[in-house]
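Read the structure below first, then the notes.
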Amino acid sequence: MTRRGHTKGNRAMPPPAVDRSRARGLPAARTVAPVVPLRPTGAEPGVVLTPEQLRSRRARSLAIALTLGLLAVLFYVVTLVKLGPGVLVRPL
Amino acid sequence: MSDVDASLGHVTRSGFTGEMGQGVATPRDFIALLKPRVMSLVVFTALVGLLRAPGDLHPVLGFTALLCIAVGAGAAGALNMWWDADIDAVMARTAGRPIPAGRIAPREALAFGLTLSAFSVGVLGLVVNALAAGLLAFTIFFYVVIYSMWLKRTTPQNIVIGGAAGALPPLVAWAAAADSVSLEPVLLVAIIFFWTPPHFWSLALFRADDYARAGVPMLPVVAGPDQTRLQILLYTLFLVPLAASPAVLGFAGPLYGAVALLCGGLMVTRALRVFRLREGEAAVKAAKGLFGFSILYLFALFATLLAEALMGPVSTGGLW
């Protein structure tokens, strides 16, 4: 560890973003998170998907999202049907 | 039954070990795992059971029950494809399925089937009732364990006994609507149960080579085509009056009785044709004709029951 608390072996990681407005006593401004590479610089490329695999994965992801969305709607409607309009009338 | 594959080198009974999924499976492949054509028949027969049952199930809950039954049937189909991937790979009719084709890995199909099974049974139990959920769980278990894992590779009576799994959906749907079972849904189950052997054996007559290559002991492979033709005829002769019995017992109206008798007569005619024509192209054509008509026959029976249910109360006290 260095005096600033950074790990020596972690040089590929960029330093945290500094909110300069706070240093000047101004209200905190929204900061943009730095882009952090998922893989350390110089590492092996790992599994690289082919264009066909990428297309298939995207299609599967969309299908899962659509299915989950429809299920959420179904459960919402089923809840209303089973509990009726009194679903919101409950003692606190 | 691991012997089915020695020459192929990539098929063993312990599990399909050929080319695994390469991450290229699309949603369409996963839908194919659900056997959508079988699922459509399941949904149709279940809809009839749902609409003919007493009780006033809310349409949303009825839709949910049908969805659970459909997904449960699809899950059973996926588990069947997982287990049967080795024999699917050597049969022309099934070689293009997602697992033998290498688009989906067996473990993916297993996880998919188990997840959908648990989900469909759980939701049906929570949303509708425990009886229907229990019957759906039994149906999935019967199809996967009793039929696929045990009977299919060990006895020529595989599709006779295993046919119970395909026959149960109207009973599950009836239980969902009425929270009980009675004679009428049992009759519907019996009709599908006794319809299954003539339907599948007529298919097996012109696909016998496929089944023999895969080592599946279908009746034409084990007992020969002539014995199969006799069994088809006997089952059909039992099926036709059974199919007419709802009208006789007062569960269905005269329209159903007329359709059951008319289509039943045509079914017997086609079964007799299969029984008489035993050689050459004419025999194959007769078997294909019976296979195709058997689907139309079951559809006509259940469509009439559905129409009568939509038209209102049909009980006539029986024709006799």
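Output the residues belonging to region B:216-257 that are free of Cβ contacts under 8 Å to residues at least 60 places away in the same chain, surrounded by fewer than 24 Cβ atoms within 10 Å (Cβ to Cβ) and in contact with a Gly (Cβ under 7 Å, 6 or more places away or on another chain).
B:240, B:244
Checking residue B:251 against (1) modelled with pLDDT under 95; (2) more than 22 Å from residue B:41 (Cβ to Cβ); (3) touching a Leu at 6+ places or on another chain (Cβ under 7 Å), only one condition comes out false. Which one?
Exception for residue B:251: condition (2).
Being in a helix (DSSP H, G or I) and within 13 Å of chain A (Cβ to nearest Cβ) is the filter here; which residues of region B:126-144 pass it?
In the first step, residues of region B:126-144 are kept if they are in a helix (DSSP H, G or I); the result is B:126-127, B:130-144.
Selection gives B:126, B:127.
Scan region B:163-187 for residues that are out of contact with any Asp or Glu (no Cβ under 8 Å at 6 or more places or on another chain), within 16 Å of residue B:73 (Cβ to Cβ) and assigned to a helix (DSSP H, G or I) and jot them down. Give the derivation first.
Taking region B:163-187 as the starting set, the residues that turn out to be out of contact with any Asp or Glu (no Cβ under 8 Å at 6 or more places or on another chain) are B:163-173, B:175-187.
Cutting the leftovers down to within 16 Å of residue B:73 (Cβ to Cβ) gives us B:163-173, B:175-176.
Within region B:163-187, B:163, B:164, B:165, B:166, B:167, B:169, B:170, B:171, B:172, B:173, B:175, B:176 qualify.
Please go through region B:86-107 and give me each residue that is among the aliphatic types (A, V, I, L, M) and either surrounded by fewer than 23 Cβ atoms within 10 Å (Cβ to Cβ) or part of a loop (DSSP other than H, G, I, E, B) (or both), ordered by number. If you could, list the steps in order and put the result at the bottom.
Taking region B:86-107 as the starting set, the residues that turn out to be among the aliphatic types (A, V, I, L, M) are B:87, B:89-92, B:95, B:99, B:101, B:104-105.
Passing the criteria: B:89, B:90, B:91, B:92, B:95, B:99, B:101, B:104, B:105.
Could you grab the pairs with beta carbons closer than 8 Å, sequence gap of 6+ or different chains, first residue in region B:150-170 and in contact (Cβ under 8 Å) with a residue 40 or more places away in the chain and closer than 21 Å to residue B:225 by Cβ, second one basic (Lys, Arg) and surrounded by 19 or more Cβ atoms within 10 Å (Cβ to Cβ)?
Short answer, once both residue conditions are applied: B:158/B:152.
Check off (1) farther than 24 Å from residue B:167 by Cα; (2) away from chain A (no Cβ under 14 Å) for residue B:108 and give me the number that stays unchecked.
For residue B:108, the failing item is (2).
Pick from region A:50-80 the residues that are over 30 Å from residue B:102 (Cα atoms) and loosely packed, with under 11 Cβ neighbours inside 10 Å: which of them is farthest from the other protein chains (Cβ to nearest Cβ)?
Step one: of region A:50-80, the residues over 30 Å from residue B:102 (Cα atoms) are A:72-80.
Of the ones still in play, those that are also loosely packed, with under 11 Cβ neighbours inside 10 Å are A:72-73, A:76.
Working: A:72: 13, A:73: 11, A:76: 11 Å.
Applying the filter and picking the extreme gives A:72.
Would you be able to tell me the number of residues in region B:27-55 that are outside any helix (DSSP H, G or I) and either more than 19 Å from residue B:180 (Cβ to Cβ) or basic (Lys, Arg) (or both)?
Step one: list which residues in region B:27-55 are outside any helix (DSSP H, G or I), which gives B:34-35, B:53-55.
This time we only want the ones that are either more than 19 Å from residue B:180 (Cβ to Cβ) or basic (Lys, Arg) (or both), so: B:34-35.
Looking only at that region, the number is 2.
Can you find even one residue in region B:78-86 that is within 14 Å of chain A (Cβ to nearest Cβ) and closer than 26 Å to residue B:159 by Cα?
The initial filter retains those residues of region B:78-86 that are within 14 Å of chain A (Cβ to nearest Cβ), namely none.
No, region B:78-86 has no match at all.
What's the total number of residues in region B:38-56 that are within 15 Å of residue B:163 (Cα to Cα) and not polar (S, T, N, Q)? So that I can check it myself, show each step before the final result.
Here is the first cut: in region B:38-56, the ones within 15 Å of residue B:163 (Cα to Cα) are B:38-39, B:41-42, B:45.
Narrowing further to those that are not polar (S, T, N, Q): B:38-39, B:41-42.
Qualifying residue count, region B:38-56: 4.
Report every pair of residues separated by at least 6 positions or lying on different chains whose Cβ atoms are under 8 Å apart, first residue within region B:182-193 and within 15 Å of residue B:47 (Cβ to Cβ), second among the β-branched types (Val, Ile, Thr).
So the pair list comes out as B:188/B:45; B:188/B:48; B:192/B:45.
Assess whether residue B:53 counts as being among the aliphatic types (A, V, I, L, M) and either away from chain A (no Cβ under 14 Å) or crowded, with 23+ Cβ neighbours inside 10 Å (or both). Break it down into steps so the answer makes sense when it comes.
Values: among the aliphatic types (A, V, I, L, M): yes; either away from chain A (no Cβ under 14 Å) or crowded, with 23+ Cβ neighbours inside 10 Å (or both): yes.
Yes; evaluated as a whole, the condition is true for this residue.
The values are calculated or read from the model by the stated rules, or taken from the named source; none is laboratory data. Since the structure is predicted, the reported quantities are computational estimates derived from the model, not experimental observations. All Cβ positions, even for glycine, are placed from backbone atoms using ideal geometry, and neighbour counts span all protein chains on display.
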